[in-house]
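Chemist: To start, I am sharing the structure in question, which I have written as structure tokens.
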Amino acid sequence: MRISRRVRFESTTDVAPHQFAVLAKLEEAPRTPKELAAVEQVSAPSMTRTVAGLVEAGYVSRADDPSDGRQVILSLTAEGKAAIKETRRRRDQWLATRLEHLSDDERALLVRATELLERVAAE
């Protein structure tokens with residue numbers, strides 16, 4: 001968890017971690033703000049603020065739901081897709097830079113630990 005948290009915060013400049021989480025969910029499929037709030041386990045007003053920032057930045061677009069005029073469907077824009085790609089590139093680069101400084105023995109230990117953690121998670 002500590003590594004995951006550190007990667008999220010070290011590699012983000014344009015997109016905050018909570019915003020990236022929303023972009024990643026929209027990468028899977030367009031969603032309503034209510035669906036995003038439920039998935040991210042945040043309040044509707046909090047998600048409204050997050051979405052407003054993403055729309056203002058040009059990463060997300062809003063469209064009326066064709067089946068329910070009261071709902072809004074959120075989708076990624078080309079800029080949103082590019083932001084996801086760039087954030088992932090920075091995360092990969094941040095971690096790769098740190099792993100470069102490990103010895104061969106330390107990297108082998110990480111491989112073994114990864115296998116063990118995957119086995120624990122699968123149970």
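Readers should treat all values here as calculations from the given coordinates under stated rules, not as data from a laboratory. These figures come from a predicted structure and were not determined experimentally. Note: ideal-geometry Cβ built from the backbone for every residue, glycine included; neighbour counts use all protein chains shown.
Chemist: Along segment 87-93, what does the Karplus equation 6.51 cos²θ - 1.76 cosθ + 1.60 (θ = phi - 60°) give for ³J(HN,Hα), rounded to whole Hz, x for Gly and Pro?
Modeler: After applying 6.51 cos²θ - 1.76 cosθ + 1.60, I find 5, 5, 4, 5, 4, 4, 5 Hz.
Chemist: Quick one: 112, 6, fewest Cβ neighbours within 10 Å first, how do they rank?
Modeler: 112, 6
Chemist: Which residue, 90, 49, 98, has the most motion in a Gaussian network model of the chain that connects Cα atoms within less than 10 Å?
Modeler: With Cα springs under 10 Å in the chain, the top fluctuation among 90, 49, 98 is at 98.
Chemist: Can you sort 25, 85 so the residue with the fewest Cβ neighbours within 10 Å comes first?
Modeler: By the 10 Å Cβ count, ascending, the order reads 85, 25.
Chemist: Could you tell me which label, among [x] 29, 17, 11; [y] 34, 17, 12; [z] 42, 22, 13, carries the value of semi-axes √(5λ) of the Cα gyration tensor in Å calculated for this structure?
Modeler: It is the value labelled [y].
Chemist: Put +1 on the Cβ of each Lys and Arg and -1 on the Cβ of each Asp and Glu in segment 1-117; which of 61, 72, 99 then has its Cα farthest toward the positive end of the dipole?
Modeler: Value computed over the given set: 99.
Chemist: List the lysines whose Cα sits under 18 Å from the Cα of residue 34, skipping any in the same chain fewer than 8 residues away.
Modeler: 25
Chemist: What is the spin-label model distance, in nm, from residue 62 to residue 81 if the labels are put 7 Å beyond Cα along the C-beta direction?
Modeler: Placing both labels 7 Å beyond Cα along the Cβ direction yields 2.3 nm.
Chemist: Pop out the ³J(HN,Hα) list for segment 31-46 in order, Karplus 6.51 cos²θ - 1.76 cosθ + 1.60 with θ = phi - 60°, rounded to Hz; leave Gly and Pro as x.
Modeler: 8, 8, x, 5, 4, 5, 4, 5, 5, 7, 6, 10, 6, 4, x, 5
Chemist: If you don't mind, there's one more thing I want to ask. Quick one: putting +1 on the C-beta of Lys and Arg, -1 on the C-beta of Asp and Glu, what dipole do you get for the chain around its Cα centre, in Debye to the nearest 20?
Modeler: The calculated dipole for the chain is roughly 240 debye.
Chemist: Please find, in a Gaussian network model of the chain (springs between Cα atoms separated by less than 10 Å), the residue of 93, 19, 41 whose mean-square fluctuation is greatest.
Modeler: It is 41.
Chemist: Another question about this same structure. Describe numerically, in nm with one decimal, the distance between label points set 7 Å from Cα along Cα→Cβ at residue 120 and at residue 100.
Modeler: Inter-label distance under the simple model: 3.0 nm.
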